[in-house]
Structures are given as C-alpha cells and as structure tokens.
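A quick write-up on the structure given underneath.
The values are calculated or read from the model by the stated rules, or taken from the named source; none is laboratory data. This one's a predicted model, so the numbers in the text were calculated from it and none came from an experiment. Please note: Cβ atoms are built from the backbone with ideal geometry, for glycine as well, and neighbour counts cover all protein chains shown.
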Protein chains: 2
Amino acid sequence: MEKLTLIKVGGKIVEEPASLQQLLTDFAKIEGHKVLVHGGGRSATAMAARLGIESKMVNGRRITDEETLKVVTMVYGGLVNKQIVAGLQALGVNALGLTGADLNYMRSEKRPVKDVDYGFVGDVKEVNAPILADLIAKDVVPVLAPLTHDKSGNLLNTNADTIAGEAAKALAAYFDITLMYCFEKKGVLKDENDDDSVIAELTPALFESYVQSGVIQGGMIPKLENAFEALQAGVKKVVITRADLIDKEGGTIIINL
Amino acid sequence: MEKLTLIKVGGKIVEEPASLQQLLTDFAKIEGHKVLVHGGGRSATAMAARLGIESKMVNGRRITDEETLKVVTMVYGGLVNKQIVAGLQALGVNALGLTGADLNYMRSEKRPVKDVDYGFVGDVKEVNAPILADLIAKDVVPVLAPLTHDKSGNLLNTNADTIAGEAAKALAAYFDITLMYCFEKKGVLKDENDDDSVIAELTPALFESYVQSGVIQGGMIPKLENAFEALQAGVKKVVITRADLIDKEGGTIIINL
C-alpha cells in the first residue's frame, strides 16, 4: 500500500500568518500522499465576539446554536479553509478544501441531547472513503474543515480531532497511514513543566500505568484513547507532536503492542 | 458530446431560504451534467455592515480591501457555498463547492489599478478545464463561489457572471453547453415596464439594433456581450431567464447567427 500522512493542526497554528506559513511550508515538504485537517476555534470565537454572539463552551466543546453554526461555517469552511488551500496551491500542492457536505464525504447525525444540548454538533456516522481515496490517489491533497452534514441539508460542527481520526480509520483500507496530531508541546510529556520530557513511545500498557500514576491526565486521555482506536482500526502509526516538527523525527509515537 | 447545463444565480435568490430551496429543487431536476455558479453580494454587504466594514461600490462593482476580502471569503466560500452544497446533497445531487484555489481550477491576476483601484479583485487568466471536466464526467456537480486565486497564496474576488462565462468557455471543448444567466426578469425585455415583453431570440444583428434604439441599455449590454463571446468560444446556447424558470422553456435565447 502507498503511504498517506494525515496531519491535524489546531486553531492557534493556522490562525497566525507566520505560524500558518511555516506549517504550510513544512507540510508541502512531506513526501507522498497527504491530508491536512484544521481547526479554527479561536478565529470562530473572535468572529462571534465581533458579531455580538457569545461563545458558550462546556467541557471544552462549543455549544453551537443557529447563529454560531453560521459563524463556524463562515470561519472554518470559508476563511480558514480557503486561506490554507490558496497557501498550499502557491507551494505547488494540489489542495482541495472540503466540508463533510462536499462530495458527501462525511455524514454525521446531530448529537442527541443528554446532560448537555451541544446544538448543531454532528457525531460522525459514515465516511465515503472511496471518493476520498480516489482523489488522494490522483495526488489531490484534501484540506478538511471541522464541519460535517446530515445529508438532510444541515451542516454540523464536528471536532477536528474527530474528523482526523474518522478519516484516518476509513482510509486505512486504502493506504499505509501515519496520523499526526499536532499540539503545543513536543509530544506527551512525563513532566508537564519540562518540555523535553517527551515520552517516545506509548503502548496501551504504558498508557494505563501513566494514567494510574497521574502522569497522563485531562484532555490528553481521550486524545490517546482515540489514537489507540485508530490503530485498532488499521492506522499504521499515530504520532503526537508539535506543528513545527511534522517533517522531523520525534514526538510521542503511539503503538499497539 | 454530452450535455452540460451551467447556471449562474445571483445573490438575492441564494440568500433567502425559501427562494434558495426552490432553486435547489428546480436545479436538482435538471437532467444530465450540471454546474451551479452563485453570487452572494447582499449577504457580504450585510455581514460587512455587522462587522462595521463599509461596502464601497464603483460602477456596481465592490471595492475589495483586505478586510472586505476576508468577508467575501467567509460569506461566498463558506456560508453561501456550503449551504448550497449541503442543500443539494440532501436532494441527491453530488455537489462539490469550489473556489478558484481549490484544485487550482481558476487562476486570476489582481486587476491593475487604472482609474479605479478595485483592490483584491481578480481578472481570470487560466481555467483548468480538464480537472473540472473530469469531475463532471463522474457526475460530480461543481458549485462555484465567486472567488479565484493568483497561485501566489492570495484569494481574489471575481464577479460570478465572469466565473460562469469563463467556466463555460473552458468546458466547451468537453461538453455541449447551455449557459443560463438568471436574473430578476423573465428574460431581456422589449419594454422594461412589461414583464411579459420578453425578447425570445437575440442575434448579434438584433442586439445591435436594440442597443441603437435604446431598448437594451445599461448593465444588460456587457451581460449580452459576454453571452456572444461565450457562443463564439464554442458554448452552444446562452439563455437569460428568471431563476424560477430554469427547468422550463422560455427566457431570452442568445444565438450566434
């Protein structure tokens, strides 16, 4: 199988012109097939504020009411996505910006209301892997915005980590996939105050022991659970690293031993 | 050659939920290959106003400064485009939203400053017809936003009529094209006060005589000149009609006799 590198970057990187340009330059250098998944939460929050719309967050997730859905559709699907696409095209990368509605590549369902009503947030139900795989095989580089649709005419807000994980799992039948989650640290740290205490390799057994000892906690736990799930679904390698290190060795490699 | 219907609709139609839904329903019924080109100027003006950005127009064209470029990128490329794409997918149409940057399908150059500095407005220089034709042949329905790029990382604002005309001319080598420009009247009128005075057919000779007699004037003149240019470039048929009549006979048919 041919190799595919699928990289997820958060809002902070793509929203500052200098760090975005560095990311695009590094991304363009990656050889072989690739996919970029981006966030944009900070820009969405800033735009909502300019429009007088309050951003409500619960457990770090955005409550997406009707007005907020319009904002994220504009910011994620328009502003952030198209600036990345234009920037990659300038570097000779044949980028194509997509929401889940485009080519119906990712269908979701509005999250059922339980303790929290997240509003227009979509849980992924179906990925049209053949249509994505066909584009990638033709050297198209999909740039995936954190938006899905319900195939009934509604766009839905979906977390970029989830988009990356679901796309990677669905494409695992077609490519030898490395999934890279970029965040602000060099990898998963043994000591959160020491940026160089990166855990080089994490197996499920090591993960368990680090969770029990409290070394790994908070939002990193679901991120790593997703990583192990991706590996179980056939993704070859998951790496947690910093955005400026995507074309270098390093970060935390998650392995399924 | 297979048939392709390329329809351009203005902002007013796509910005009101009821007329948008009617348009999408009518558009979905059109048999064979199709492309939809949309505007969005009214939404852009409204969004700019909410953000405290003044919309400056000269000769009916928007002056696109840096802040305005962000607004049109959000509104045309995000909000309007993705709502259309999601609406068409709900009707079983395999829509794919595109700006000129996506797949580098339409490259432009920033308009040189002469009497007026239009700002970040792009004049179309190159259409990547094979990549569009390939998608269309696979029953993908491109939904084209009025945005292009300069292949140097900059998105540019480009009039939707121009996008439609340039796409039609470039695709004429691949398909038997009908290009429909929708506006608020049933067609080109002999008497602007009589909505039923539609001119059924316009040849270059008839056009000349109507211009000389003052029957055809103002913004309709460049629209029709574009239509004749499209026919000369190989487009089979150009129709000027009202958006709610796209799946019916009628309107003004422009022919190159």
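Listing for the model above:
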quantity	calculated
Failed item, numbered, when residue A:48 is tested on (1) modelled with pLDDT of 95 or more; (2) within 21 Å of the chain's Cα centre (by Cα); (3) more than 9 Å from chain B (Cβ to nearest Cβ)	(2)
Among residues of the stretch B:103-121, those that are closer than 13 Å to residue B:157 by Cα, within 14 Å of another protein chain (Cβ to nearest Cβ) and in contact with a Leu (Cβ under 7 Å, 6 or more places away or on another chain), counted	3
Filtered residues of the stretch A:37-60 (kept if touching a Gly at 6+ places or on another chain (Cβ under 7 Å) and loosely packed, with under 12 Cβ neighbours inside 10 Å)	A:60
Verdict on residue B:88 being crowded, with 16+ Cβ neighbours inside 10 Å, out of contact with any Cys (no Cβ under 8 Å at 6 or more places or on another chain) and modelled with pLDDT under 95	no
Selection from the stretch B:64-95 of residues that are in contact with a Phe, Trp or Tyr (Cβ under 6 Å, 6 or more places away or on another chain) and more than 11 Å from chain A (Cβ to nearest Cβ)	B:64
Search result, residues across the stretch B:87-135 that are more than 29 Å from residue B:234 (Cα to Cα) and acidic (Asp, Glu)	B:115, B:117
Residue within the stretch B:79-100 that is among the charged types (D, E, K, R) and under 26 Å from residue B:2 (Cα atoms) present	no
Residue check for residue B:100: buried (at least 24 other Cβ atoms within 10 Å of the Cβ) and within 11 Å of another protein chain (Cβ to nearest Cβ)	yes
Some residue of the stretch A:63-77 being under 19 Å from residue A:118 (Cβ atoms) and surrounded by fewer than 16 Cβ atoms within 10 Å (Cβ to Cβ)	yes
When residues of the stretch A:208-230 are limited to those that are more than 16 Å from the chain's Cα centre (by Cα) and touching a residue at least 24 places away in the same chain (Cβ under 8 Å), the one nearest to residue A:23 (Cα to Cα)	A:216
Given (1) surrounded by fewer than 18 Cβ atoms within 10 Å (Cβ to Cβ); (2) closer than 20 Å to residue A:178 by Cα, number of the condition residue A:239 does not satisfy	(1)
Selection within the stretch B:172-229 - β-branched (Val, Ile, Thr), buried (at least 17 other Cβ atoms within 10 Å of the Cβ) and farther than 24 Å from residue B:33 by Cα	B:188, B:198, B:199, B:215, B:216
Sole residue being modelled with pLDDT under 95 and either more than 20 Å from residue A:93 (Cβ to Cβ) or not basic (Lys, Arg) (or both), chosen from B:141, B:116	B:116
Among residues of the stretch A:129-145, those that are under 23 Å from residue A:87 (Cβ atoms) and assigned to a helix (DSSP H, G or I), counted	3
